[in-house]
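The values are calculated or read from the model by the stated rules, or taken from the named source; none is laboratory data. These figures come from a predicted structure and were not determined experimentally. Neighbour counts run over all protein chains shown; Cβ positions are idealised from the backbone, glycine included. Only protein heavy atoms, including side chains, enter the accessible area calculation; ligands, DNA and RNA are left aside. Shrake-Rupley method; radii C 1.70, N 1.55, O 1.52, S 1.80 Å.
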Amino acid sequence: MTVTREPRLGEPPPERTAERPERAEGIDFDGLYHAHFRSLTLQLAAYCGDLSQAQDLVQEAFCRAFARWSRVSRYDDPVAWVRRVAWNLAASRWRRLRTAQSWLRRQREEHVPGPGPDRVALTAALAQLPPTQRRAVVLHHLADLSVTQIAQQEGVPEGTVKSWLHRGRAALAAQLAGTNEVNDDE
């Protein structure tokens, strides 16, 4: 079986030399590649809609053929094998894309409204507290921990935690008093 490549304008046809003898089966890999890469790429480009992706798929198919060339070269039509591999790779690509798109569609984007003015004021007021008082207030009021649990976690006596909570609440009340007056006027 002799395979000829597509003629190119202004280029003489390749001649067989001692460097590239034909295989006993009638075709060598280089000849097959040069004769069919372009036509297979055009077929896959029409199918995929992307020339560079088609080139990658055909190149991968030829790489797989090269790795198995001793077996593939004995087929009646090695080009058909390369074409089938390229088309299978394209189908796999479409399946991967479809799976990825399906996964993305299942990811729900939740639109959460921004923080209200009270939340912003509370966050700003908490930021003004010393770290120990802030931790005590957050653990007691937001994490619902008891004074005993906070004392154990922080490694301090319960009286210290009570003191932090008292000072923290007083500082928050003073800072938030001005903010509440502004919100009440609205």
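Quick look at the numbers
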{"read-out": "THR4 vs. criteria surrounded by 10 or more Cβ atoms within 10 Å (Cβ to Cβ), β-branched (Val, Ile, Thr) and at pLDDT 90 or above", "value": "no"}
{"read-out": "Residues located in the range 158-172, provided they are free of Cβ contacts under 8 Å to residues at least 12 places away in the same chain, touching a Ser or Thr at 6+ places or on another chain (Cβ under 8 Å) and open to solvent by less than 50 Å² (accessible area, probe 1.4 Å)", "value": "none"}
{"read-out": "Check on GLN133, farther than 30 Å from ALA45 by Cα, modelled with pLDDT under 90 and not charged (D, E, K, R)", "value": "no"}
{"read-out": "Scan of the range 103-124 for residues that are in a helix (DSSP H, G or I) and of a type in the set (Lys, Arg), ordered by number", "value": "ARG105, ARG106, ARG119"}
{"read-out": "Residue that is least open to solvent (accessible area, probe 1.4 Å), among those in the range 54-96 that are basic (Lys, Arg) and outside any helix (DSSP H, G or I)", "value": "ARG68"}
{"read-out": "Residue check, LEU32 part of a helix (DSSP H, G or I), aliphatic (A, V, I, L, M) and within 33 Å of the chain's Cα centre (by Cα)", "value": "no"}
{"read-out": "Residues that are open to solvent by less than 60 Å² (accessible area, probe 1.4 Å) and part of a helix (DSSP H, G or I), drawn from the range 38-51", "value": "SER39, LEU40, THR41, LEU44, ALA45, CYS48"}
{"read-out": "Output for the range 125-157, where each listed residue is within 16 Å of GLY168 (Cβ to Cβ), without any contact (Cβ under 8 Å) to a residue 24 or more places away in the chain, open to solvent by less than 90 Å² (accessible area, probe 1.4 Å) and not in a loop (DSSP other than H, G, I, E, B)", "value": "ALA127, PRO131, VAL138, LEU139, VAL147, ILE150, ALA151, GLU154"}
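Here is a yes/no grid of residues against (1) small (Gly, Ala, Ser); (2) without any contact (Cβ under 8 Å) to a residue 12 or more places away in the chain:
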{"residue": "GLU60", "(1), (2)": "no, no"}
{"residue": "ARG96", "(1), (2)": "no, yes"}
{"residue": "GLU110", "(1), (2)": "no, yes"}
{"residue": "ALA121", "(1), (2)": "yes, no"}
